[in-house]
Every structure is written in structure tokens, then in C-alpha cells.
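Notes follow once the structure below has been shown.
The values are calculated or read from the model by the stated rules, or taken from the named source; none is laboratory data. Only a predicted model underlies this, so the values are computations on that prediction, with no experimental measurement involved. Cβ sites come from the backbone with ideal geometry, for glycine too, and all protein chains shown count toward neighbours. Accessible surface areas use protein heavy atoms only, side chains included; no ligands, DNA or RNA. Shrake-Rupley method; radii C 1.70, N 1.55, O 1.52, S 1.80 Å.
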Amino acid sequence: MFAKMRSEPGLCRVEPFGAYAASRYEDVLAVQKDAQRFSSEALAVTSEPSWLGSNPVAHSLLSQDPPRHTQLRALVSRAFGPTGLARLEAVVRREAESLAEAAVRQREVDLVDAFSFLLPRNVIGYMLGLEPSTFSEFKRWSVSMGLISSAAPEHYEGIRSTVREMKEYLGAVIAERRRKPGEDMVSDLVRAEVEGRKLTDDEILSFLFLLLPAGMETTTQLIGNAAILLARFPEQLERARADKAHIPRFLEEVLRYESPVQLTFRMNLSDVELAGTKIPAGNLVLGLIVSANRDERVFEQPEQFLPGREKGTQHLTFGQGGHFCLGAQLARMEARLALEALVSRIRELKLRSPEVEWLPGYAIHGPRVLPVELIPA
Ligand code: HEM
């Protein structure tokens, strides 16, 4: 279907929302990069429906435009830079090794439950300095938050109560760090200052509402999608086992081929024209990452899974422009260390069911559950 959309120039009207969808690489890139014509404030509309009321995530970094976005991003981005990540590497490796060890010992596991979700969850919990005994709530919260834009009325009360619980929990964490700052990211956010301006409690709360699910869901899907492709292409597992340096190349192609995030949302605030399509002011404009990543104008043989391919890092999986994913390097590091820990312990990864059960919904792409057999090395 995406190939068919790309075969015609211009944008296509799609449901839900009667949105205009860009499917060719250059159009998706234009939508992602041009904050003046395509505003990110649209996200607030999808995450704060009338039945929900106020939702801090609607006011996060992700749904701001310049100049406010630029200032907020400068305040929060330090923790994601090379120094912050280098400090984290040993912790992520230790965690990956211990989870892989336990999963391989069990041999038959749901890899999502036993591995691909636990690693990003424990890492983001550690980065934020949260109490490990509270981590077990995070899955329920992130699933519930992920449902907002497509929720049926029977979900409303559950989601309202998630927002209440998260506000209470994260609000208490911020208050505690204001009293007693430590070496974690929340304390960094409390201390952060750019041009004499500090973050308010509401701004920190919005950022944490974004970060907790963003840090877990997407990376979980990257590791899960990588596992599926290791099972489907056993020669890739062999190569990764023989040479750790192959893992980043393999992962880059996983990111292109099975993107954990399928699209970005924007809204045009004035009338615009893109690729010959006139879009009247006030419409949702989708950038279909999933389609751009398979655009034959950029990638040769786009339907083939070819790690190390030419232009292999030019996928749009982490977005582009001012909102380029803050956690991209963190996600790459987590997935690399996860695979290093896993492939060094197994000689084969078998899917126990020929059909993968994918997550419902159109925004996030990965296995909902992944029953596998891990054959030890
Ligand atoms: C494979 C994993 C990941 C993928 C595919 C992914 C994808 C994306 C994409 C496509 C955007 C841009 C959205 C837009 O333009 O509207 C984004 C933004 C963002 N991501 Fe990620 N992400 C991943 C992992 C992470 C992790 C691990 C974190 C943090 C722990 C994170 C934090 C963020 C933040 C804070 C933003 C907002 C940046 C801004 O608005 O300036 N992401 N991500």
C-alpha cells in the first residue's frame, strides 16, 4: 500500500482525522524539518482529548515549536550527550548481561516480557534515579498512555487514573529532588539553567511524562524487531556472533526495515503546498517514516533486508530537524549491548510461532509478545 502511495506524487488523504500523509522520502523529510510550515503543537490535540482533560505530555518538548522548543531542548539535552552516555554504558552492559543470562537459562521465554522490555525499563528507571520497587508499574502506565489517541470509551477511566497516578508519582520525585538533589537526571533537570532561566515543576513533569514511555516503548520494539530478524536470517546471527562489529550495521538495517516509530504528526497553521498538494490551514500532516524508509528513490532494493547497505544510516526512524530523537544514541547503545549479551550466549534463536503477533495501533511497531526458544551456544 505504501509503495502504491509513493508511486503518485503528492500527499494522500487518510483516516483517522482525514490527515494528509506524506509517503515519499523527500516529502517526509520536508514535513519533519520545516517547523515553520509544519507545527508540532498539533500533538497537544491528539494527547489531550476532551474526555481526558489536562495531560502533561501534551505540553512536552515534543509538542513545542521554536523558539520555545529550542530553549527547552537546550535545557534537557545534556544528559543525552556523549559524556552522559559513556557514564551509562557499564550499567547498561551489566543489566543486559544479567537479563540475557536469565533468559537463556529459561530457554523458552516470551522475549518481550523477559528481555526486550526489561532492559529499557531498568535503564530509564536508573537514569531518572527512580526506586526499582516502583518499576513494575511502568508497563501498565506506558500501555495506557499509548492508547490515548485511539482509546474506546471503556478505556477512558483507566487512562484518567494512569495520568493521576503518574502525576502523583513523578510530582513526588521532583519535590524530593528539589529538597535533596543527587546524581540522576531529575536532579540535573532541577539544576539546569540556560540564559538565566530554570525549568519549572510543570515543565519537568511534562518532560518526564514524555521520557518514561518514550524511553521504554520504542527501544523495546527495536530489540524485539531485531530478535525477529535474527530468527529469520540465521546467517546474521552467525555474523554477529563471529564479529561484534557487525551488530551496529545489523541494527541500523533493523531500524530502517522495521521502524519502531511509523510516523510523525504535524499541523500546518497556514495554507501550504507540498509536492503539488494544497493543504488548507489546520490539517494534520503525517510523515510516514515507514514508507520513506522503503522509498526506492533513496534505497536500492528497499524490500530486501541488507545490513551494511549503501545509505544504510539515512533512514528517518529517529526523525529529522529540530525534533530529531534525543534518545537515538541511547537507543542504539541499549540495543547494541542487548544483542552483544544475547548472541554471545546462543547459537540459534527460534520463533515458537510462525506468525508474529504485532502490537495493535498504527504508531508503534513491534511484537506484542514473542515466544522464542533460545538454543544455548
Ligand atoms: C529505537 C528507539 C527510538 C525511536 C525509533 C525513536 C523515535 C523518535 C522520533 C521519530 C522522534 C521525533 C518525533 C517528531 O519529530 O515528532 C523522537 C523524539 C524524541 N525521542 Fe525518541 N525514539 C527512540 C528512543 C528514544 C529513547 C530511548 C528516548 C529517551 C530515553 C527518546 C526520547 C525522545 C525525546 C525526548 C524526543 C523529543 C525530541 C524533541 O522534540 O526535540 N527516544 N524519537
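The residue of segment 323-339 that is surrounded by the fewest Cβ atoms within 10 Å (Cβ to Cβ), among those that are within 13 Å of SER116 (Cα to Cα) and not small (Gly, Ala, Ser), is ARG336. For segment 327-339, the condition of being assigned to a loop (DSSP other than H, G, I, E, B) and near the ligand (Cβ under 8 Å from one of its atoms) holds for at least one residue. Which of the residues that make up segment 276-299 are under 17 Å from GLU8 (Cα atoms), assigned to a strand (DSSP E or B) and more than 12 Å from the ligand (Cβ to nearest atom)? Across segment 276-299, the qualifying residues are THR277, LYS278, ILE279.
When you look at ALA42, is it farther than 14 Å from HIS323 by Cβ and modelled with pLDDT under 95, yes or no?
Spelling it out, it is not the case that ALA42 is farther than 14 Å from HIS323 by Cβ and modelled with pLDDT under 95.
Need a quick list: helices (runs of 4 or more DSSP H) entirely within segment 1-72 having at least 1 residues that are in contact with a Gly (Cβ under 6 Å, 6 or more places away or on another chain).
25-33
All of VAL92, VAL112, VAL163 fail the test of being crowded, with 17+ Cβ neighbours inside 10 Å and farther than 26 Å from ALA226 by Cα, apart from VAL163.
So if I check each of VAL298, VAL369, VAL356, VAL290, which one is open to solvent by 20 Å² or more (accessible area, probe 1.4 Å), at pLDDT 95 or above and closer than 19 Å to MET216 by Cβ?
VAL369
Taking segment 66-110 as the search range and keeping residues that are polar (S, T, N, Q) and modelled with pLDDT under 90, which one is farthest from ILE124 (Cα to Cα)? Across segment 66-110, the extreme among qualifying residues is GLN71. Of the helices (runs of 4 or more DSSP H) lying entirely inside segment 158-274, those carrying at least 3 residues that are farther than 24 Å from ARG368 by Cα and touching a Gly at 6+ places or on another chain (Cβ under 9 Å) are 185-191.
In segment 207-244, the qualifying residues are those that are among the β-branched types (Val, Ile, Thr) and buried (at least 24 other Cβ atoms within 10 Å of the Cβ), and the one that is nearest to the chain's Cα centre (by Cα) is THR219.
Each row is one residue, and each column tells you yes or no for (1) within 13 Å of the ligand (Cβ to nearest atom); (2) over 21 Å from THR317 (Cα atoms); (3) open to solvent by 60 Å² or more (accessible area, probe 1.4 Å).
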residue	(1), (2), (3)
GLU154	no, yes, yes
LYS180	no, yes, yes
ALA192	no, yes, no
LEU255	yes, no, no
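Here GLN320 fulfils each of the conditions (1) within 16 Å of the ligand (Cβ to nearest atom); (2) closer than 23 Å to ASP113 by Cβ; (3) at pLDDT 95 or above apart from (2).
Here is a check on your reading of the model: is GLU89 within 26 Å of THR313 (Cα to Cα) and either assigned to a helix (DSSP H, G or I) or without any contact (Cβ under 8 Å) to a residue 24 or more places away in the chain (or both)? Explain how you work it out, then say what you get.
On the way: within 26 Å of THR313 (Cα to Cα): yes; either assigned to a helix (DSSP H, G or I) or without any contact (Cβ under 8 Å) to a residue 24 or more places away in the chain (or both): yes.
Yes.
Restricting attention to segment 301-319, the residues that are touching a residue at least 12 places away in the same chain (Cβ under 8 Å) and open to solvent by 60 Å² or more (accessible area, probe 1.4 Å) add up to 4.
Restricted to segment 40-61, and to residues there that are more than 11 Å from the ligand (Cβ to nearest atom) and among the polar types (S, T, N, Q), the residue that is least open to solvent (accessible area, probe 1.4 Å) is ASN55. In segment 16-26, the condition of being within 13 Å of the ligand (Cβ to nearest atom), farther than 26 Å from MET166 by Cβ, more than 21 Å from the chain's Cα centre (by Cα) and modelled with pLDDT of 90 or more is met by no residue.
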